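Enquirer: Before I ask anything, here is the structure I am working with.
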Amino acid sequence: MQELGRASGAHGEVVLRRRGAVTELIVDGVFAMDDVDTSTERALATEALRRCTGDALRVLVGGLGLGWTAATVLADPRVTEADVVELQPALVGWAGEGLLPGLPVLPDRLRLRTADVADALAGSPGRWDAVLLDVDNGPAFLVHETNAGLYAEPGLSTALAALRPGGVLAIWSADPAPELADRLAALPGAADVEHLVLPVDRDGRRFDYAVVVARRAG
Ligand SMILES: C[S@@+](CC[C@H](N)C(=O)[O-])C[C@H]1O[C@@H](n2cnc3c(N)ncnc32)[C@H](O)[C@@H]1O
């Protein structure tokens with residue numbers, strides 16, 4: 001195993017390491033992800049963007065990780081502004097050094113910054129065509145307990161309010177999250193809520209990941 005980076009800060013320790021051809025990210029002692037199969041991280045972006053209409057799309061991504069969702073957003077030529085918000089400053093630094101397998105080069109259209117996505121959402125009402133959240137292993141398996149509010153009614157309302165009317169919110173989960181879809185559907189600001197189950201085969205075992213999608217009503 002090769003350690004590519006290790007750093008500690010206000011939000012715990014973050015470790016980037018390579019095991020053979022696979023890159024792994026450990027956040028605050030919790031396995032956050034690897035790149036054995038990144039289809040669902042990429043689907044988080046494609047499923048949201050195919051529901052967006054128009055050009056000159058502004059997209060907010062919460063959670064840089066290994067960069068796969070951000071790279072998929074940037075691969076869509078309609079996206080003119082991609083704002084990626086990451087809690088761990090070390091990860092942002094490693095991205096600048098080209099250490100992230102999903103995002104080896106940082107394009108001009110990318111704005112990458114260190115912040116809590118909850119603050120980014122609260123500070124940008126009505127701004128985004130799409131908001132993509134992948135900051136935990138899902139609402140039932142948090143990397144940081146402080147993220148719990150993102151999946152509760154007030155946090156979901158803030159995320160919807162950060163969208164322009166008709167904009168799309170998409171949330172990744174390592175498990176099916178029907179309760180999250182139900183919670184969103186009950187919000188007055190939400191429309192067209194969908195719970196997408198995305199099967200992945202790993203080592204001969206099937207895992208059901210999920211992306212919950214909703215549109216800001218109006
Ligand atoms: C599973 S990874 C994201 C994977 C990413 N979708 C990809 O394609 O590689 C989760 C990331 O969210 C970050 N994170 C966790 N809580 C956050 C928060 N409140 N605000 C911003 N980033 C956060 C973690 O540090 C980690 O980098």
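Just so it is clear, none of the values below were taken in a lab; they were calculated from the coordinates. Values in this document were obtained by computation on a predicted structure and should not be read as measured data. Note: ideal-geometry Cβ built from the backbone for every residue, glycine included; neighbour counts use all protein chains shown.
Enquirer: Modelled label-to-label distance, residue 4 and residue 122, 7 Å Cα→beta-carbon offset: nm?
Expert: It works out to 3.2 nm between the two label points.
Enquirer: Consider all pairwise Cα distances in segment 3-116 and report the whole-number % of them above 21 Å.
Expert: Of the Cα pairs, 34 percent sit more than 21 Å apart.
Enquirer: Measure of size requested: the Rg and Dmax of the chain, with Cα atoms as the atom set and Å as the unit; please supply both.
Expert: When restricted to Cα atoms, the chain yields Rg and Dmax of 16.2, 51 Å.
Enquirer: Oh, and also: Among 21, 149, 82, flag the residue with its Cα farthest along the positive direction of the charge dipole of the chain, charges on Cβ as +1 for Lys/Arg and -1 for Asp/Glu.
Expert: Highest projection toward the positive end goes to 82.
Enquirer: Follow-up question, since we're still on this one. Need the full-extension length gain, residue 113 to residue 18, defined as separation in residues times 0.36 nm minus the C-alpha distance. One decimal, nm.
Expert: Values: separation 95, 0.36 × 95 = 34.20 nm, distance 2.42 nm.
That works out to 31.8 nm of additional length.
Enquirer: Residue 30 to residue 75: FRET efficiency via 1/(1 + (r/R0)^6), r the Cβ-Cβ distance, R0 30 Å, to the nearest 0.05?
Expert: Approximately 0.55, to the nearest 0.05.
Enquirer: log10 I(q)/I(0), Debye, Cα-only segment 86-187, no solvent, q = 0.20, 0.23 Å⁻¹?
Expert: -1.14, -1.33
Enquirer: Which residues in segment 139-160 have a backbone N closer than 20 Å to a point placed 7 Å from the Cα of residue 37 along the Cα-to-Cβ line?
Expert: Backbone N within reach: 139-141.
Enquirer: Next question, about the same structure. Taking the convex hull of the Cα atoms, report for segment 58-133 its projected area averaged over all directions, in nm².
Expert: On the way: hull surface 17.7 nm².
Computing the convex hull of the Cα atoms and averaging its projections yields 4.4 nm².
Enquirer: Using a cut-off of under 17 Å, list every residue of segment 32-76 whose amide N is near the label point 7 Å from the Cα of residue 97 along the Cα-to-beta-carbon line.
Expert: 65-67
Enquirer: To the nearest 500 deg cm²/dmol, what mean residue ellipticity at 222 nm is calculated for the chain from DSSP H runs of n ≥ 4 alone, each contributing -39,500 (n - 2.57), summed and divided by the residues?
Expert: -6000 deg cm²/dmol
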